Amino acid sequence: MIRTHQGFPVRLVDAPRLTPAVRSLVFEPAGAFDYRAGQTVRLTVETATGLATRRPYSIASAPGALGGARFEIAVSHVENGPTSTALHSLALGAEVTAEGPQGGWLSLDPDERTLRTLLVATGTGLAPFRALVQERMRTEHRAALGVLFGCRTRADILWRDELRQWTLDTSPVRVDVTLSRPDADWSGRTGHVQRHLGTLVRELQPELVLICGLSPMVDEVERLALELGVPQDAIRTEAYDR
């Protein structure tokens, strides 16, 4: 296993656009790369100014899901953001330096994969949960897994086709997408994730609640979950703007 303090080269092998603002980046390490679903990787990339910046990104694919040691991240393009601009501009075949895996607040131990779990995410906060769901889908564990995912518009829904696949009759996964700016023919949930948390907690009775996104949402959802009776030690959070 590559240790977290060592930098190693990774090559960009695929880069589909997920939404108008979010690009998926699939990297292939030169050697082995072992990690757990829910962990992050830190990338060093040269920006337009010539300076190199290092940023952590949640790994959006389960180990082995892409074949070999490949892994995927999702990067939102931030206006005037040098790192996101540089990553969005990478050409296929480009190499950057990675460090990791790191973190693991959102990873599940083997015995936790049998627990009823609710995942609450907004934006690219869905990335680590996608890895967790991919991992759950290929195991024998059939414990209920709920995903509450908030976006602004229909165009901002990440991995839309895959989310539909998660909800097949044979799947243990329930997906609820809510839009804060729905179009006229949207028939799903509307508003922020906070609006629907109570319903999902009552219906799923989760034994674990994992939350990922910008800190205002994370803090508010954690507060609401506690008010709904979810124990503090059953709640895990990760805010990617802290």
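The values are calculated or read from the model by the stated rules, or taken from the named source; none is laboratory data. From a predicted model like this one, the values you see are computed outputs, not experimental measurements. So basically every Cβ, Gly included, is an ideal-geometry build from the backbone, and we count neighbours across all protein chains shown.
Just one of the listed residues (Leu108, Leu118) is farther than 19 Å from Val13 by Cα, crowded, with 22+ Cβ neighbours inside 10 Å and within 19 Å of the chain's Cα centre (by Cα), and it is Leu118. Within segment 23-52, restricting attention to residues that are in contact with a Leu (Cβ under 9 Å, 6 or more places away or on another chain) and either surrounded by fewer than 19 Cβ atoms within 10 Å (Cβ to Cβ) or assigned by TED's automatic domain parsing to the domain that holds Asp156 (or both), the residue that is farthest from Thr97 (Cα to Cα) is Arg36.
Considering segment 224-242 alone, what residues qualify as being of a type outside the set (S, T, N, Q) and in contact (Cβ under 8 Å) with a residue 60 or more places away in the chain? Once the filter is applied, which keeps residues that are of a type outside the set (S, T, N, Q) and in contact (Cβ under 8 Å) with a residue 60 or more places away in the chain, segment 224-242 yields Arg236, Glu238, Tyr240. Scanning segment 178-223 for residues that are assigned to a loop (DSSP other than H, G, I, E, B), farther than 16 Å from Thr122 by Cα and touching a residue at least 24 places away in the same chain (Cβ under 8 Å) turns up Asp183, Trp186, Gln205, Pro206, Glu207.
Quick one: is Val78 surrounded by fewer than 21 Cβ atoms within 10 Å (Cβ to Cβ), hydrophobic (A, V, I, L, M, F, W, C), in contact with a Ser or Thr (Cβ under 7 Å, 6 or more places away or on another chain) and assigned by TED's automatic domain parsing to the domain that holds Arg11? So Val78 fits the description; yes.
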